[in-house]
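Asker: A single structure is presented below for examination.
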Amino acid sequence: MRLRRALWCYLSGGHGSVRTVGILLLLLLSELLLWEGTALAATPTAQSRLSPVLFSLIVFLVCTLIGCIAIIAGTGGGVLFTTLFLGFTSIHPDIVRATGLLAAVCGTRIGARRYLRKGVANIRLVLLLGSCYATFAVVGAIVGLTITRRFGDTGIASIKLALGLIVMVVGAMYVFVKGMAYPEVEWVDRFTERLGLGMTYWEESLKRPIKYQPTRSIAGLFLVSGVGFISGSLGLGAGWAITPLFNFVMLVPLKVAAATSAAIISLGDTAAVFPYLLSDAVFPVFAVPTIAGLILGADIGSRVAVRVKAQSIRRVLIGIMLGTGVKLVYTGLRTLL
């Protein structure tokens, strides 16, 4: 219980990334010293025969690598984490998805606070679309839990199949979709105009303010609701979808799209975690080293990004996602058929 309270304190706190990692690891160590050992997943697996300390250390190191690769490639660690752990481990999908959502929240909240403070994130879009995203993310989480717990192996296979297809689509998006830094808006629908969603932000690279006006807010509401459902049910986070949605559908500048996406995810996925939390799917000995590793990996990746070729890392990421997606689809179909 102390560990779970610490997780939620972290979500609302303001610690630096390295300091936060230290606090989480100290709390984890104290919990491990008092913990006498229970099963690490819902079913006996190879992981459950590991000692808790060794298991947590392995998860921490793997997630540090995931966080480092993800930040250099320009994506969220939650997508890569959920995909790899569902594709290549026997840990129960409920535990993986709950931890993936926690990772998405913790990964975006730091950036979201900074973006909101600097006025880059559009608070009006956050309030309008964030409520829809959070609502459908909670619905998705409830549906996802119902599928795995009511239908057993068939439900788990269905989740893996859906995740595999989504991940393959995301990998293809990273190959073919390029963001528009400053999209031109030629027409604004009446509904969006009445909402007054247009704002101005300071573009540091140009040393001047940028005024913009979103459009197609009705389409944005429907699409972000669907993304929220997918995020909650599969534990993916949503940066892979919301940023392109803002940029290509609503024609929001790329930097504003990324900043607003981070703010929406940090709010919406926090709500989506609660059904998993109430269903005892948040497993501290797994969640804490995961979050600590992803945060530390992101911090390391941001420091070495200027020294490596991000395009090469991005190709590796795309290859991993496509390969894992194929494996998930194959595993799901094999069970279902």
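The values are calculated or read from the model by the stated rules, or taken from the named source; none is laboratory data. Nothing here was measured: the structure is a model prediction, and the numbers come from that model. Backbone-built Cβ (ideal geometry, glycine too); neighbour counts: all protein chains shown.
Asker: Based on this model, can you work out whether G232 counts as touching a helix residue (DSSP H, G or I) at 6+ places or on another chain (Cβ under 7 Å) and in a helix (DSSP H, G or I)?
Answerer: Criteria met by G232.
Asker: State all residues of the range 199-258 that are closer than 29 Å to Y276 by Cα and among the polar types (S, T, N, Q); if no residue qualifies, say none.
Answerer: Once the filter is applied, which keeps residues that are closer than 29 Å to Y276 by Cα and among the polar types (S, T, N, Q), the range 199-258 yields S225, S231, S233, T243.
Asker: From the list R97, R117, pick out the single residue that is modelled with pLDDT under 80 and not in a loop (DSSP other than H, G, I, E, B).
Answerer: Sole residue among the options that is modelled with pLDDT under 80 and not in a loop (DSSP other than H, G, I, E, B): R117.
Asker: Turning to a different aspect of this structure: Among what's in the range 169-193 and is part of a loop (DSSP other than H, G, I, E, B) and under 28 Å from the mean Cα position of the chain (by Cα), pick the residue that is farthest from G119 (Cα to Cα).
Answerer: V177
Asker: Those residues that are free of Cβ contacts under 8 Å to residues at least 12 places away in the same chain and surrounded by fewer than 17 Cβ atoms within 10 Å (Cβ to Cβ), I need them from the range 145-171; list them, please.
Answerer: Matches in the range 145-171: T146, R150, F151, G152, V169.
Asker: Looking at I210, is it surrounded by 18 or more Cβ atoms within 10 Å (Cβ to Cβ) and either under 18 Å from the mean Cα position of the chain (by Cα) or among the aliphatic types (A, V, I, L, M) (or both)?
Answerer: Criteria not met by I210.
Asker: Filter the range 213-236 down to residues that are over 15 Å from the mean Cα position of the chain (by Cα) and not hydrophobic (A, V, I, L, M, F, W, C) and give me whichever is nearest to V167 (Cα to Cα).
Answerer: Among residues in the range 213-236 that are over 15 Å from the mean Cα position of the chain (by Cα) and not hydrophobic (A, V, I, L, M, F, W, C), the one nearest to V167 (Cα to Cα) is G226.
Asker: Can you tell me how many residues in the range 245-282 are closer than 27 Å to V143 by Cβ and either of a type in the set (S, T, N, Q) or touching a His at 6+ places or on another chain (Cβ under 9 Å) (or both)?
Answerer: 6
Asker: Let me ask another. Any chance the range 245-254 includes a residue that's out of contact with any Asp or Glu (no Cβ under 7 Å at 6 or more places or on another chain), over 18 Å from R124 (Cα atoms) and assigned to a loop (DSSP other than H, G, I, E, B)?
Answerer: No, the conditions are met nowhere in the range 245-254.
Asker: Here's another thing I want to ask about it. Tell me, please, whether a residue that is free of Cβ contacts under 8 Å to residues at least 24 places away in the same chain and within 24 Å of the chain's Cα centre (by Cα) can be found in the range 194-203.
Answerer: No.
Asker: A further question on this structure: Looking only at the range 300-318, how many residues end up being at pLDDT below 75 and either buried (at least 18 other Cβ atoms within 10 Å of the Cβ) or charged (D, E, K, R) (or both)?
Answerer: Selection size over the range 300-318: 6.
The rows are residues; the columns are (1) in a loop (DSSP other than H, G, I, E, B); (2) among the polar types (S, T, N, Q); (3) out of contact with any helix residue (DSSP H, G or I) (no Cβ under 6 Å at 6 or more places or on another chain); (4) at pLDDT 85 or above.
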site: L28; (1), (2), (3), (4): no, no, no, no
site: L33; (1), (2), (3), (4): no, no, yes, no
site: V53; (1), (2), (3), (4): no, no, no, no
site: C63; (1), (2), (3), (4): no, no, no, yes
site: F85; (1), (2), (3), (4): no, no, no, yes
site: A104; (1), (2), (3), (4): no, no, no, no
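Asker: Do you know which of the residues in the range 244-274 that are surrounded by 23 or more Cβ atoms within 10 Å (Cβ to Cβ), of a type in the set (V, I, T) and closer than 21 Å to Y201 by Cα is farthest from the chain's Cα centre (by Cα)?
Answerer: V252
Asker: Go through (1) assigned to a helix (DSSP H, G or I); (2) without any contact (Cβ under 8 Å) to a residue 60 or more places away in the chain; (3) surrounded by 14 or more Cβ atoms within 10 Å (Cβ to Cβ) one by one and return the number of the condition S225 breaks.
Answerer: Unmet for S225, out of (1) assigned to a helix (DSSP H, G or I); (2) without any contact (Cβ under 8 Å) to a residue 60 or more places away in the chain; (3) surrounded by 14 or more Cβ atoms within 10 Å (Cβ to Cβ): (2).
Asker: Which residue pairs have Cβ atoms closer than 7 Å, lie 6 or more positions apart in sequence or on different chains, and pair a first residue in the range 179-191 that is within 11 Å of T215 (Cβ to Cβ) with a second residue that is in a loop (DSSP other than H, G, I, E, B) and among the polar types (S, T, N, Q)?
Answerer: Close Cβ pairs satisfying both conditions: V185/Q213; V185/T215; W187/T215; V188/Q213; V188/T215; D189/T215.
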